[in-house]
1. Roughly speaking, what % of Cα-Cα pairs in the stretch 236-343 are separated by over 25 Å, rounded to a whole number?
2. Using alpha-carbon positions, what is the distance between the centroids of the stretch 136-194 and the stretch 201-244, in Å?
3. Please list, in order along the stretch 13-19, the HN-Hα scalar couplings obtained from phi with the Karplus expression 6.51 cos²θ - 1.76 cosθ + 1.60 (θ = phi - 60°), rounded to whole Hz, x for Gly and Pro.
4. Say the dipole of the chain comes from +1 at the beta carbon of Lys and Arg and -1 at that of Asp and Glu; which of GLY229, ALA110, TYR179 then lies farthest toward its positive end?
5. VAL303's amide H: which non-local residues (gap 5+, or another chain) put their own amide H closer than 5 Å, with H modeled 1.01 Å from N in plane and none for Pro or chain starts?
6. Residue-wise, which Karplus ³J(HN,Hα) couplings in Hz belong to the stretch 337-354, taking 6.51 cos²θ - 1.76 cosθ + 1.60, θ = phi - 60°, and x for glycine or proline?
7. For the stretch 313-362 and the stretch 37-101, what is the separation of their C-alpha centers, rounded to whole Å?
8. Considering the dipole of the stretch 214-361 built from charges on the beta carbon (Lys and Arg +1, Asp and Glu -1) around the Cα centre, which of HIS272, ASN312, GLY292 is farthest to its positive end?
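The values are calculated or read from the model by the stated rules, or taken from the named source; none is laboratory data. Computed from a prediction, not measured in an experiment: that's the story for all the values here. Counting neighbours? That spans all protein chains shown, and the Cβs are built from the backbone with ideal geometry, glycine included. Each accessible area value is taken on the protein alone, full model and side chains, heavy atoms only, with ligands, DNA and RNA left out. Shrake-Rupley method; radii C 1.70, N 1.55, O 1.52, S 1.80 Å.
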Amino acid sequence: MAVSAGVNGQVEAVVDLDAIAHNVGVLRAHAGDAAVMVVVKADGYNHGAVEVARTALAAGAAELGVTTVAEAVALREAGIEAPILCWLNICDADYTAAVAAEIEIGISSAEQLDAVAAAARDLGEQAVVSLKVDTGLNRNGIEQEVYPVVLAALRKQVDEGVVRFRAIFSHLAHADEPYHPTIDLQRDRFLDAIAAAKEYGLEPELVHLANSAATLTRPDLAFDMVRPGIAVYGLTPVPDIGDFELRPAMTFQAEVALVKRVPKGEGVSYGHEWIAPADTTVALIPAGYADGVFRTLGGRMQVWVGGRNRPNRGRVCMDQLVVDLDDNAEGVAEGDTAILFGPGSHGEPRAQDWADLLGTIHYEVVCAPRGRVHRRYRGGTR
Ligand SMILES: Cc1ncc(COP(=O)(O)O)c(C=O)c1O
């Protein structure tokens, strides 16, 4: 997505950095004495990693979390000096770049640890590593059986002075169901993993487990640091419980390209899936599935235009969609702003509404705007 400096694109993702700062404040309040690592992977959940990171750090976040070495190095290159952890690594990732940039590397296997240590030796610098232990998500993370092998290798590398051991962390499978029994099981396995490391004389500087949902609903799991992602962007991780006073940061909007009459009996958009039951006025919105408006929303979504929600008619195309202004076209003109989704404060659709229609989660919805969409920032620290 292109970032526009003040120039309105015809389709925009407007990111409210004041909302990001507010949400970090909410998370800090829930975290108690624990530090806050803000997760800015996937370009800050598609809100812009650098801008979100700067705003979050100014609002009191202590550290940043990403998935890949490349994401972490890009933050350093943008001048961000805070601790950065990357945790989804492959054997032949560019660990040399990571070590040189003082990135903390999350380890999920003995092979990864060896590769990091080799990069550190080559560079003549110490690598900072943390152990990502799999406590039951069965995705990324060190599996229980090989954990002793990793601990033994780490012990040697710490003794050699080639790595500094920073943290042990893990990730929950059911955090969005705050009292799901696997949460306590994972906590117990996490505590066992910490105890096992200590048996090797490996005392972590800190341990962390909680994502957004756990930060907001399970204060008992805050440990030394929490690791929220989605809540930073203002989307509640547990919609059934509430919004926790979070403020959604992204508004996906476009300029009305055309306002025109459609006579009764005429079909609208490819396949004429909607036939006008009466003479009507429609607005053409220049955003389509190439921009992140899911095609399966066609005929089901509402778009906020001219102070109210209007139904989309017919198919969503690659570049455009049509909304029905019906008898209420007055006051709607070409160039007006049409909100596809936003915080919902005026009654406009929210990312959660799209998620409900699509049978998905709002995480996927905010990651959708792309390609021609211009990102623009409001407020905050950049
Ligand atoms: C290891 C890890 N920690 C924290 C997070 C943040 O999760 P959430 O966005 O649900 O807060 C993620 C996201 O997937 C993650 O993979």
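1. Within the stretch 236-343, distances greater than 25 Å cover 23 percent of Cα pairs.
2. The stretch 136-194 and the stretch 201-244 have Cα centres separated by 16 Å.
3. Whole-Hz 3J(HN,Hα) from phi for the stretch 13-19: 10, 8, 10, 8, 6, 5, 5.
4. GLY229
5. Long-range HN contacts for VAL303: ARG310, ASN312.
6. 3J(HN,Hα) across the stretch 337-354, in whole Hz: 8, 10, 9, 7, 8, x, x, x, 5, 9, x, 5, x, 10, 4, 5, 5, 4.
7. 33
8. Of the listed residues, the answer is HIS272.
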